[in-house]
1. Roughly how big is the stretch 124-252's charge dipole about its Cα centre, with Cβ charges of +1 (Lys, Arg) and -1 (Asp, Glu), in debye to the nearest 20?
2. Taking 0.36 nm per residue of separation and subtracting the Cα-Cα distance, what length does fully extending Ala128 through Asp100 add?
3. Please list Ser139, Ser204 in order of solvent-accessible area, largest first, computed with a 1.4 Å probe with all protein chains present.
4. Can you give me the solvent accessible area of Arg106 with a 1.4 Å probe, rounded to the nearest 10 Å²?
5. Would you work out if the stretch 1-141 is rounded, prolate or oblate? Take a ≥ b ≥ c from the square roots of the eigenvalues of the alpha-carbon gyration tensor; rounded if a/c is under 1.5, else prolate when a/b is larger than b/c, oblate otherwise.
6. Of Val159, Pro249, Met215, which is farthest on the positive side of the dipole of the chain, counting Cα position, with +1 on Lys and Arg Cβ, -1 on Asp and Glu Cβ, and the Cα centre as origin?
7. Starting from the residue with the highest accessible area, list Met189, Met126, Met215 in decreasing order, probe 1.4 Å.
8. Using +1 at the Cβ of each Lys and Arg and -1 at the Cβ of each Asp and Glu in the stretch 85-150, identify which of Ile117, Ala102, Val135 lies farthest towards the dipole's positive end.
Amino acid sequence: MSLAGRHAVVTGGSRGIGRAIASALEREGAHVSIVSRTPHVTLSVSKGDMGNAYFVAQADVTDEEQVRRAFAACREANGPIEILVNNSGIAESAPLKRTDRAMWDRIIATNLTGTYICTREAVPDMIAAQWGRIVNIASTAGLGGAPYLSAYCASKHGVIGFTRALAAELGTGGITVNAICPGYTETEMMQRTVANITTRTQKSEGEARELLARMNPGGRIATVEEVAEGVLDLIDGSQNGVELTIPRPAVR
Ligand code: NDP
């Protein structure tokens with residue numbers, strides 16, 4: 001697959017999974033725009049492996065006006081949006097009684113409403129071109145339940161429902177909409193989860209990591225590169241309305 005010259009917007013491409021996705025798209029020849037809240041990411045990811053510059057626009061995905069301005073700037077730099085990867089997200093864990101309204105709203109706003117806001121902003125370009133690829137970074141927490149994650153699980157189940165509905169709505173027009181469901185993946189977000197476990201329990205860091213690995217498909221922690229590879233596979237185009245779980249089952 002060549003994505004030469006295609007314009008891809010990656011939200012939350014400043015670090016972690018989003019950054020790996022931005023790199024992978026750039027290696028396939030795409031012109032990549034990154035949208036996140038942190039302005040200084042321009043310095044750390046200004047050139048990809050292929051030597052193409054990333055365009056970086058600052059926006060909080062929960063703010064419609066900021067997203068509108070950021071996407072307009074991305075369009076001005078790289079043309080109409082053809083690929084959108086909704087990756088921006090936050091995770092917080094707490095039992096229900098400590099999941100207060102502010103925490104609930106924060107998580108739903110970023111993970112679910114942010115995905116809706118960015119998608120609505122990009123889809124008109126795709127409809128006009130009769131070609132588009134949307135990949136939403138959900139989670140295995142979007143497919144099943146886990147304790148102390150009610151807000152996060154609800155937000156990611158919402159992302160899956162949104163993905164399936166849009167796949168049905170847009171799939172006949174040359175646009176595919178799919179989701180990736182990573183299990184625990186080696187990023188700052190996962191490091192915070194490990195730190196949480198070691199602080200709240202008697203477990204060592206190694207034991208905390210083993211615990212998380214055991215919850216994952218395949219019994220191991222995923223890498224950001226595997227998630228990025230999954231995104232490329234879904235962009236390749238033959239599937240619509242699917243959820244791809246990472247790590248993928250080993251082929252025997
Ligand atoms: P990180 O915390 O490492 O990165 C999160 C990214 O999201 C950053 O680039 C951050 O940029 C951006 N972001 C957060 N809030 C906002 C916001 N309000 N507006 C715009 N951008 C925002 O997380 P990961 O890389 O680990 O996670 C990426 C995605 O993968 C998330 O959706 C997460 O839920 C999902 N995921 C992660 C797993 C894991 O174990 N790591 C497992 C399953 C799913 P900035 O701070 O600059 O805004």
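The values are calculated or read from the model by the stated rules, or taken from the named source; none is laboratory data. Just so it is clear, the structure is predicted and the values come from calculations on it, not from any experiment. When we count neighbours, we look across all protein chains shown, and the Cβ atoms used for this are built from the backbone with ideal geometry, even at glycine. For accessibility, only protein heavy atoms count, side chains too; no ligands or nucleic acids. Shrake-Rupley method; radii C 1.70, N 1.55, O 1.52, S 1.80 Å.
1. On the way: 11 positive and 13 negative charges, 93 e Å.
In debye, rounded to 20, the stretch 124-252 gives about 440.
2. On the way: separation 28, 0.36 × 28 = 10.08 nm, distance 4.20 nm.
The span from Ala128 to Asp100 would gain 5.9 nm if fully extended.
3. Working: Ser139 10, Ser204 55 Å².
From most accessible down to least: Ser204, Ser139.
4. We get 110 Å² for Arg106.
5. Working: a/c = 1.91, a/b = 1.61, b/c = 1.18.
Prolate is the answer for the stretch 1-141, as a/c is 1.5 or above and a/b outweighs b/c.
6. Toward the positive end, the furthest listed residue is Met215.
7. Ranked from most to least accessible, the order is Met215, Met189, Met126.
8. Final value for the positive-end residue is Ala102.
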